[in-house]
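Below is one structure, written out as structure tokens, with a few remarks after it.
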Amino acid sequence: MKTRLPIAICFIFGIFTLLQYFSKHPTLTAMYAEILDWMQIIFVFTLLVGVITIFKIHSGKISRKESNWPYSILTVLGIVVMAGLGFGYGTDYGSPFLWIFQNIQVPMQSTMFALLAFFVASAAYRGFRFRNKEAAVLLITAIIVMLGRVPLGHQISDLIPQTAEWIIDNPSTAAKRGILIGIGLGSITTALRVILGIERSYLGGRS
Amino acid sequence: MDLSRLDRRIIFLIIAVVVIVPMLFDITPEVQITKDTQQIFDAIDSLNAGDYIMVSFDFEAASFPEMRPLASVILNHAFEKDLKIVGLALFSEGTAIGYTLLEQIARNYNKTYGLDYVYLGFRPQYVSAILGMGESVIKVFPEDYLKQPLEIYTDFLGLDNYEDLPLLVSIADGSLPIHWADYANARYGQEVAVACAAVMVTAFKPYFESGQLIGPAAGVKGAAEYEKLLGYEGAAHRRLFTQSVVHLAIILLVIAANISAYVWRKK
Amino acid sequence: MKGFGIISIICLIVLFAPLLAYSQIEDAVLSDTPLFDTSRLPVFVASLLAIVIFFIATYLVKARAETKIRKVAGLNAVDEAIGRATEMGRPVLFTPGWGGDIQRPTTIAALNILNLVAEKTAAYNCDLIFPTHDPVIMSAAEETIQNAYINAGHPDLFKPDNIYYTTSSQFGYAAAVDGAITRIKPATVMLLGTFEGEALILAETANSIGAMQIAGTDSTIQLAFFLVACDYTLIGEELFAASGYLSGDEKIVASIKAQDYMKIIIIAILLAGGILATFNLDFLSEWIL
Amino acid sequence: MSIETLIAAVLTLAIFSFLYKENPFYRAAEHLLVGVSVGYYLVILVEETIWSKVARPLAYDQNWIVIIPAVLGLMMFLRLSRNRAYLTRIPLALLIGAGAGVSIPAMLWARVLKQMSASMLPLYTVSGMIVLVGVITTIIYFYFSREQEGWFGYLAKTGTYFLMVFFGATFGYTVMSRVTLLIGRMEFLLTDFLGVVG
């Protein structure tokens, strides 16, 4: 019962959503929309569980005075203040909730994203080596495209941006399609294994 | 010394220097206009004063640095042409940013909210929002971002659905333009132009080739080209110089590492 | 089959509830719409074909007990990676990326690998840390890891606090995992799942503390970054084949075989399509789309 | 300088300090970012979903069906209990099963059929030929039931070269976006915060 019921539910919902794709029948479409709503509702409740686990982990750290416990206060405070302001004073333009979002959350998020420029450089520095023929192809393509995307490439020779464009349109697109087809096939068989209950470690069975 | 085993922090420092130093100089490189940017420019330029244009801010907060110059050129062009702008956002994170930007640029042109532009705000579940506006915009957005009923903006009552909308621009950092193409264009025949992050261009390519999407103006280079078409050299131009220097620096670093590794191996 | 009756009744109730909700839809619309949407015929044929091939492959593998598949470098490294962590007395960190949710087959494939990794860390008594951006993935991972520890005979070693939700914000997640990597200093970092912009941030940080990195994703853009920055990278489909490799389970190997049979058919169709297109006959490519 | 700029600049520098090494400033910023962003998503998602999809339908439309997903959702809380945690498998099974069912036709269409159809180009053009050879050899690279030796290995090797071109091109292409983001942040520090440029 502990594993059979989940596997049965998985099978029924899987088959239903699979078959629904092939029909525009309003009843089936409505059922599908309803299931999508259910999925969202379950997600939000699970988010609450996630928030509780964050609280548990951080309050545990604070009460046990584990290493770095003062930082945990910041996390707990962040959640409580944001939730309090959001539920209490709304999320509209000019609300304190939005003020914190724009002046605290957004700058930090975009700075995290900007770290990528540094990491791109260090990864390229370390990883782009003329080790063998494959690595050479990788290196040379990357350099051509990097040059071809800025005015500098034009200034050296018009051939650079043209080559970059050609590479992206032809050999690069071909490989991308091959990768996507492979991913498609892998996804389909994985999904089939899930629906048929072959793969079920997350449902309590041995896979 | 084997340069190829350099401490990563030295690389970081080099990158920081090559970003900061070029910014201190006011150098604007010569930009060549590509047909993609020309296409979206022409699409907006061919509209008549008083026409509606819908601008969807389809990006998240973290990518604002890349999207800002693109959003600026589009809004500048639209205000300059006296188009009536209808703004909205399909990512919750882009909502406030879109409004702030619209307000800022509107001020430069002395445009009035409710008369020359409105901001509808955010709707979750973009597919149903995109489809819904094909039937009725006011049904999807009964109120604007400022919580006013949409009916009070009499200048915008002429906009019922996509039929009254000659052009929609999606300013996107992700794959939302594909949804605009699949739902607004394929089903309702809505013309959709795209200003997007540079990384997304390859993903959209088939849609541009088949004419389902117009454009794109992509990344900082697209924004700089657009600035040139509008007849000024703004933020994107200045950035493009820095951008070139950084690209060159990364390439030189890679070459240096390779030469050093080769010499070291020989020893 | 005790309990089967109850199970079916519950399932039927659960499934037909939405039907009941919409039973009042206008009858005219109902009778006017055909049950089958003919514009989706190509996908239907392809799905049917895929399912049939899946069953044929399962039958063939069972009948011939043929399980030979070629080696994939990244997968052979998994054992080495866990062994290394055990030797160094440091944990393994596994994270499925910000781009996926539980509905995505990639996430399921990552959880399958997680299951096998967890059985090994349980056997070696090596800590396994699993931060994620999605609360549902957190729940599924906890279930997976707990079962793996039970199956490995070490339920006592299971630490639920090591599987945690960080935040749904992309760069909040990146900041949290980066922080965890630099503070915990895991010997091995496994980045398997759907990644977006955060991919290289995590890979480079893992490299900076000297961790061995095994990456694998279906995000084509991030593959390039992983390939340059990581020790081992599972490219696209290799990630899906991984659990078959690692477990050697007959049924999973069969599905890898099924993928290969489909590839033969796809190549044949592509060749035929190319030749037809050369003579300006587009009906094949047009029918497919 | 406004208080907003000062706060944003301090936090920006705290995150950038991670590049030197992990330190108390980064650690503080990281924990704050996690907390604030969890709060943000919590508020947005609860308002969008629990209010509009559960509470309102129950209160105004008397739509009793939403009790089922609400109960399934509440079952997820059993994750927090030691001996009833297995019951969370039921809502999980619904999510995983429905997701798997949706993905089969979607993946077949977008990832397989669409890509195939786009690759069927006339072979007398250079790009038609290259695309077809590239797609087929890449697929062969991913063929698992055969060792990559002999003529088969040769084809797979050709596939690897195509893959390397793709990875190189993607890398080069993406650098542009990433560098732009850094320039944006630096502009903020130099212009809005320090007032050096602009």
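The values are calculated or read from the model by the stated rules, or taken from the named source; none is laboratory data. Just so it is clear, the model here is predicted, and its values are computed rather than measured. Here the Cβ positions follow ideal geometry from the backbone for every residue, glycine too, while neighbour counts run over all protein chains shown. Ligands, DNA and RNA are stripped out before the accessible areas are found, and what is left, the full protein with its side chains, is counted by its heavy atoms. Shrake-Rupley method; radii C 1.70, N 1.55, O 1.52, S 1.80 Å.
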Legend entry - Only one of B:181, B:195, B:186 that is in contact (Cβ under 8 Å) with a residue 40 or more places away in the chain and among the aliphatic types (A, V, I, L, M): B:195
Inset, instruction - Using the structure shown, decide if residue C:211 is aliphatic (A, V, I, L, M) and closer than 20 Å to residue A:138 by Cβ. - result: no
Legend entry - Verdict on residue D:104 being within 28 Å of the chain's Cα centre (by Cα), within 30 Å of residue C:283 (Cβ to Cβ) and modelled with pLDDT of 90 or more: yes
Legend entry - Identity of the residue in region B:1-33, at the interface with chain A (Cβ under 9 Å from one of its Cβ atoms), in contact (Cβ under 8 Å) with a residue 60 or more places away in the chain and in contact with a helix residue (DSSP H, G or I) (Cβ under 7 Å, 6 or more places away or on another chain), that ends up farthest from residue D:188 (Cα to Cα): B:4
Inset, instruction - Considering (1) over 30 Å from residue C:257 (Cβ atoms); (2) buried (at least 19 other Cβ atoms within 10 Å of the Cβ); (3) more than 26 Å from the chain's Cα centre (by Cα), say which one residue A:89 fails and leave the rest. - result: (2)
Inset, instruction - Could you tell me whether residue B:248 is over 26 Å from residue D:114 (Cβ atoms) and modelled with pLDDT of 90 or more? - result: yes
Legend entry - Residues of region D:5-49 satisfying the condition of being among the hydroxyl-bearing types (Ser, Thr, Tyr) and under 26 Å from the mean Cα position of the chain (by Cα): D:12, D:17, D:26, D:37, D:40, D:41, D:49
Inset, instruction - Among the residues of region C:114-132, write down those that are closer than 24 Å to residue C:97 by Cβ, open to solvent by 10 Å² or more (accessible area, probe 1.4 Å) and either polar (S, T, N, Q) or under 16 Å from the mean Cα position of the chain (by Cα) (or both). - result: C:116
Legend entry - Single unsatisfied condition, residue A:12 versus (1) at pLDDT 85 or above; (2) open to solvent by less than 30 Å² (accessible area, probe 1.4 Å); (3) β-branched (Val, Ile, Thr): (2)
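Rundown of residues vs (1) buried (at least 21 other Cβ atoms within 10 Å of the Cβ); (2) modelled with pLDDT under 95, yes/no style:
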residue: D:9; (1), (2): no, no
residue: D:30; (1), (2): yes, no
residue: D:51; (1), (2): no, yes
residue: D:58; (1), (2): no, yes
residue: D:67; (1), (2): no, yes
Inset, instruction - Filter region A:94-132 down to the residues that are more than 7 Å from every other protein chain (Cβ to nearest Cβ) and farther than 14 Å from residue A:82 by Cβ, then identify the one that is most open to solvent (accessible area, probe 1.4 Å). - result: A:131
Legend entry - Any hit, region C:257-273, residues being within 15 Å of residue C:76 (Cα to Cα), modelled with pLDDT of 90 or more and surrounded by fewer than 23 Cβ atoms within 10 Å (Cβ to Cβ): no
Inset, instruction - Confirm whether residue B:193 is open to solvent by 10 Å² or more (accessible area, probe 1.4 Å) and aliphatic (A, V, I, L, M). - result: no
Legend entry - Matching entry among B:143, B:135 (being over 26 Å from residue A:105 (Cβ atoms) and modelled with pLDDT under 90): B:135
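Looking only at residues in region A:165-203 that are part of a helix (DSSP H, G or I) and among the charged types (D, E, K, R), which one is farthest from the other protein chains (Cβ to nearest Cβ)?
By that ranking, first place goes to A:165.
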Legend entry - Among the candidates D:133, D:165, D:197, residue that is open to solvent by 10 Å² or more (accessible area, probe 1.4 Å), over 30 Å from the mean Cα position of the chain (by Cα), over 29 Å from residue D:7 (Cα atoms) and not assigned by TED's automatic domain parsing to the domain that holds residue D:15: D:133
Inset, instruction - Search region B:138-152 for residues being without any contact (Cβ under 8 Å) to a residue 40 or more places away in the chain and touching a helix residue (DSSP H, G or I) at 6+ places or on another chain (Cβ under 8 Å), and hand back the single one that is nearest to residue B:57 (Cα to Cα). - result: B:144
Legend entry - Single match in A:46, A:17, A:27, A:75 (criterion: among the hydroxyl-bearing types (Ser, Thr, Tyr), open to solvent by 10 Å² or more (accessible area, probe 1.4 Å) and either touching a helix residue (DSSP H, G or I) at 6+ places or on another chain (Cβ under 6 Å) or in a helix (DSSP H, G or I) (or both)): A:27
Legend entry - Odd one out for residue C:160 among (1) under 30 Å from residue A:79 (Cβ atoms); (2) open to solvent by less than 20 Å² (accessible area, probe 1.4 Å); (3) over 21 Å from the mean Cα position of the chain (by Cα): (2)
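When you scan region B:225-232, do you find a residue that is more than 30 Å from residue B:115 (Cβ to Cβ) and of a type in the set (A, V, I, L, M), even just one? Working first, answer last.
Within region B:225-232, the first condition is being more than 30 Å from residue B:115 (Cβ to Cβ), and the residues that meet it are B:225, B:228.
Applying the additional criterion that residues be of a type in the set (A, V, I, L, M) yields none.
Scanning region B:225-232 turns up no residue that is more than 30 Å from residue B:115 (Cβ to Cβ) and of a type in the set (A, V, I, L, M).
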Inset, instruction - Would you please list the contacts, defined by Cβ atoms under 7 Å and residues six or more apart or on different chains, that run from a residue in region A:146-157 that is under 14 Å from residue B:220 (Cβ atoms) and within 7 Å of another protein chain (Cβ to nearest Cβ) to a residue that is open to solvent by 50 Å² or more (accessible area, probe 1.4 Å) and modelled with pLDDT under 85? - result: A:151/B:30
Legend entry - Among (1) without any contact (Cβ under 8 Å) to a residue 24 or more places away in the chain; (2) surrounded by 21 or more Cβ atoms within 10 Å (Cβ to Cβ) - the single one residue C:104 does not satisfy: (1)
Legend entry - Any pair with Cβ under 6 angstrom, 6 or more apart, that starts in region C:250-261 at a residue that is more than 7 Å from chain A (Cβ to nearest Cβ) and ends at one that is in a helix (DSSP H, G or I) and open to solvent by 10 Å² or more (accessible area, probe 1.4 Å): C:254/C:58; C:261/C:53
Legend entry - Checklist (1) in a loop (DSSP other than H, G, I, E, B); (2) more than 29 Å from residue D:51 (Cβ to Cβ) applied to residue B:194, failing item: (1)
Inset, instruction - Go through (1) within 9 Å of chain B (Cβ to nearest Cβ); (2) free of Cβ contacts under 8 Å to residues at least 40 places away in the same chain and name the single condition residue D:167 misses. - result: (1)
